[in-house]
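The values are calculated or read from the model by the stated rules, or taken from the named source; none is laboratory data. Computed from a predicted model, the values in this text were never measured in an experiment. For neighbour counting, all protein chains shown are included, and Cβ atoms are generated from backbone atoms with ideal geometry for every residue, glycine included. We work out accessible area using only protein heavy atoms, side chains counted, and drop any ligands, DNA or RNA first. Shrake-Rupley method; radii C 1.70, N 1.55, O 1.52, S 1.80 Å.
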Amino acid sequence: MSDVRTEPWTRDEIERFHEQGFIHPVRVLGDDQVEELRDALDDHLSGRIQSETYELTDPILEGEDKAAVGSGAGTAVVEKTEQEIEKKPHSVPFLFNLWERDDRFKRAAFDPVIAGMARQLLGSAQVVLMEDGAVIKNPQIGKALHWHQDYAYWPLASPAAVTAWIALDRVNVENGAMQVAVGTHLAGERLPVEFGDGSSFMHDERPGVEEIPRDPAEEGWSIVSYVLQPGECGFHPALLWHASGPNTSPNIRRGFVPRYVAGGTLWLGSKRFPYNFSDEEVGCEIGGPIGGPHFPTVATAF
């Protein structure tokens with residue numbers, strides 16, 4: 001009998017999520033699907049299937065000739081030459097919107113139980129898949145990602161979104177588990193952060209918005225590390241502060257990360273933050289509800 005959860009959250013679980021800012025672990029994928037997604041990632045990383053791979057610890061550049069790409073926090077603005085990509089091994093590779101390229105990832109991102117869990121946590125009538133991605137921490141060179149908040153990088157008018165972080169390998173502190181600062185989603189919006197060095201930016205664009213402390217524990221916040229088995233997941237809201245340590249183990253650490261937005265949430269586009277698609281490509285109007293071919297509504301089991 002499978003231990004994959006197919007039942008909705010209880011009222012107590014939903015209340016705990018809203019109080020603490022996360023809920024884990026819950027098993028959402030069976031062994032066969034985990035193995036399928038591992039094989040799919042191998043296809044993309046090896047080049048057997050065409051897919052763009054980005055490095056999360058690269059600088060987030062501002063100015064002209066910049067391009068927005070997916071990141072562990074949602075989106076990052078990066079600029080790299082082909083020579084730099086070839087000569088520099090990836091430490092924390094990120095593959096963006098795999099659901100648009102590979103049905104194996106689409107089945108996971110569109111899983112009605114996972115989407116239903118997200119809908120319950122958002123308290124919305126519908127959920128939209130904003131994006132998905134795969135985050136990899138390579139052994140020994142997988143760097144730390146500094147404390148950040150997803151909403152800071154997203155072109156949404158409100159933080160009505162949740163992330164499902166699904167482990168494809170055993171995840172623990174040794175191989176760079178995600179850490180969450182309990183209750184920080186209640187502290188409001190913060191500035192975006194460079195993942196590589198932890199410095200904040202967009203101070204002028206977002207006056208009055210505070211920085212995230214480089215060490216929330218020193219500010220009195222309790223820290224919890226995700227410990228997950230393959231197929232297990234943790235959910236967190238868009239305002240929660242989180243980070244991850246380096247992968248000091250001899251083995252790769254892989255995660256699949258779909259992100260769901262409450263239906264009807266307004267899209268602000270480049271007026272708030274550059275995204276992977278330009279305002280012309282994205283398929284929905286600035287100031288209008290998120291939707292269109294890149295942001296599909298997902299059917300939910302409950």
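Please report, for the Cα atoms of the chain, the Rg to one decimal and the Dmax as a whole number; what are they, in angstrom?
For the chain, the Cα-based Rg and Dmax read 17.8, 55 Å.
When all protein chains stay in place, what accessible area (Å², nearest 10, 1.4 Å probe) is found for D39?
Rounded to the nearest 10, that gives 70 Å².
Keeping every protein chain in place, order F302, F96 by accessible area at 1.4 Å, biggest value first, i.e. largest first. Could you put the intermediate results ahead of the total?
Working: F302 50, F96 15 Å².
Order by accessible area, largest first: F302, F96.
Using a 1.4 angstrom probe and counting only protein chains, how large is the accessible area of V171 in Å², to 10?
0 Å²
Carbon-plus-sulfur fraction of the accessible area of the chain, 1.4 Å probe, in percent?
Details: 6160 of 12890 Å².
Ligands and nucleic acids excluded, carbon and sulfur reach 48 percent.
Based on the Kirkwood radius over alpha-carbon pairs, what value in µm²/s does the Stokes-Einstein equation return for the translational diffusion coefficient of segment 160-263 at 20 °C and 1.002 mPa s?
Details: Rh = 14.9 Å.
Once the numbers are plugged in, D ends up at 143 µm²/s.
Rank these by accessible area, largest first, 1.4 Å probe: S222, S244. Intermediate values should be presented prior to the final figure.
Numbers: S222 75, S244 10 Å².
Largest accessible area first, the residues go S222, S244.
Helix-only mean residue ellipticity at 222 nm, the chain, DSSP H runs n ≥ 4 weighted -39,500 (n - 2.57), per residue, nearest 500. What is it? Could you put the intermediate results ahead of the total?
Values: 5 runs with 50 residues, N = 302.
Helix-only estimate at 222 nm: -5000 deg cm²/dmol.
Going 7 Å from the Cα of V227 toward and past its Cβ, which residues in segment 167-185 have a backbone nitrogen under 12 Å from where you end up?
Backbone N within reach: 171-174.
Between H18 and V4, what length comes free when the chain is fully extended (0.36 nm per residue of separation minus the Cα-Cα distance, one decimal in nm)? List each step's numbers first, then the result.
Details: separation 14, 0.36 × 14 = 5.04 nm, distance 2.31 nm.
Gain on stretching H18 to V4: 2.7 nm.
Could you run the Karplus curve 6.51 cos²θ - 1.76 cosθ + 1.60 with θ = phi - 60° over segment 240-251 and give me ³J(HN,Hα) per residue in whole Hz, x for Gly and Pro?
For segment 240-251, the Karplus curve yields 6, 7, 8, 7, 7, x, x, 8, 9, 8, x, 10 Hz.
Can you tell me the accessible area per residue over segment 174-282, all protein chains present, probe 1.4 angstrom, in square angstrom? Before the final figure, lay out the partial values.
Working: 4280 Å² over 109 residues.
On a per-residue basis, 39 Å².
Using 0.36 nm per residue of separation minus the Cα-Cα distance, give me the extension gain between A301 and D42 in nm, one decimal. The partial results should precede the final answer.
Values: separation 259, 0.36 × 259 = 93.24 nm, distance 3.00 nm.
Extra length from A301 to D42 when fully extended: 90.2 nm.
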